[in-house]
Amino acid sequence: MDADLRLDGNTTTAEGDVFKTTANDVVIDAPSRRSNGSGQRRAIVHDFTDGMTLNWDSDYPGGVTIEGFRLTCHQADVVLDHAPRRKDSKPWRRALVHDFEDGLTVNWAHDYPGGVTINGPVRLNGAVTVNGTLTVNSPFGHLTIEETLHRYSELIKGLEGKITKLEARKLEG
């Protein structure tokens, strides 16, 4: 297809198989949609590490939104990092990793020393393997699952004994 640039009222249409620019920055700026009147609006930047950065230097205070039913990422790692929240100087912050067993690993290599927190209900469909200690917040305090089950087992045995005594009294009376 031959390239064509058309100007039609307030619409500019670029047609062709490839849209190429040798610019460092692509700026998208609609003054009527700004939350503040100052600053740059660099939407796409060919950055200094030969990467592509969206919303360079947080020029868009509202952030970046991706809408749609599905987001496909053809990479192994999803990195989330905000330097002011770091507790150590580890260089990596791999939040999600498509691992070597074709699984999904959260907090690969313990990159986040604060661990992983899930707020809200959790549903697990399938087997669960725990490599380490599983601590339960139970009426007995923070105990391992084994200690908690042992305490509940002792309570059940005590209740069974009381039930047996009550049933014996009922038969006598």
| task | Report the label-to-label distance for VAL130 and THR12 in nanometres (one decimal), using points 7 Å from each Cα along the Cα→Cβ vector. | result | 6.1
| note | Here, LEU155 and THR21, labelled 7 Å along Cα→Cβ, have an inter-label distance in nm of 6.5
| said: With a 1.4 Å probe and all protein chains kept in place, how much accessible area does TRP92 have, in Å² rounded to the nearest 10? | reply: 130
| task | Enter the accessible area of SER35 (Å², nearest 10), with the probe set to 1.4 Å and all protein chains included. | result | 100
| query | Could the peptides 18-24, 63-69 be put in order, highest first, of the mean number of other beta-carbon atoms found within 10 Å of their residues? | reply | 18-24, 63-69
| message | Just to confirm the number: angle between the C-alpha axis of helix 145-172 and the first principal axis of the chain, 0 to 90 degrees, nearest 10? | response | 40
| request: Quote the accessible area belonging to HIS98 in square angstrom, nearest 10, computed with a 1.4 Å probe and with ligands, DNA and RNA left uncounted. | output: 100
| Sequence of GLU160, GLU101, GLU15 when ordered by accessible area, the most exposed leading, probe 1.4 angstrom | GLU101, GLU160, GLU15
| Under the Karplus relation 6.51 cos²θ - 1.76 cosθ + 1.60, θ = phi - 60°, what is the ordered set of whole-Hz ³J(HN,Hα) values for region 58-72, x standing for Gly and Pro? | 6, 4, 9, x, x, x, 10, 10, 10, 10, x, 6, 9, 10, 10
| request: Assuming a ≥ b ≥ c are the square roots of the Cα gyration tensor eigenvalues, decide whether the chain counts as rounded (a/c under 1.5), prolate (otherwise, with a/b larger than b/c) or oblate. | output: prolate
| Probe 1.4 Å, all protein chains present, accessible-area order of ASP50, ASP25, largest first | ASP50, ASP25
| Apportionment of accessible area to carbon and sulfur, region 17-173, percent (1.4 Å) | 55
| message | As a test of the formula, what do you get for the chain when each DSSP H run with n ≥ 4 contributes -39,500 (n - 2.57) and the sum is divided by the residue count, at 222 nm and rounded to the nearest 500 deg cm²/dmol? | response | -6000 deg cm²/dmol
| said: I'd like the FRET efficiency for ASP47 and ASN107, computed as 1/(1 + (r/R0)^6) with the beta carbon distance as r and R0 of 35 Å, rounded to 0.05. | reply: 0.85
| query | Given a 1.4 Å probe, how much area per residue of region 1-69 is accessible, in Å²? | reply | 89
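The values are calculated or read from the model by the stated rules, or taken from the named source; none is laboratory data. What you are looking at is a predicted structure, and each value in this text was computed from that prediction instead of being measured. FYI the Cβ positions are ideal-geometry reconstructions off the backbone, even for glycines, and counts take in every protein chain you see. Protein only, heavy atoms only, side chains kept; ligands, DNA and RNA dropped before computing areas. Shrake-Rupley method; radii C 1.70, N 1.55, O 1.52, S 1.80 Å.
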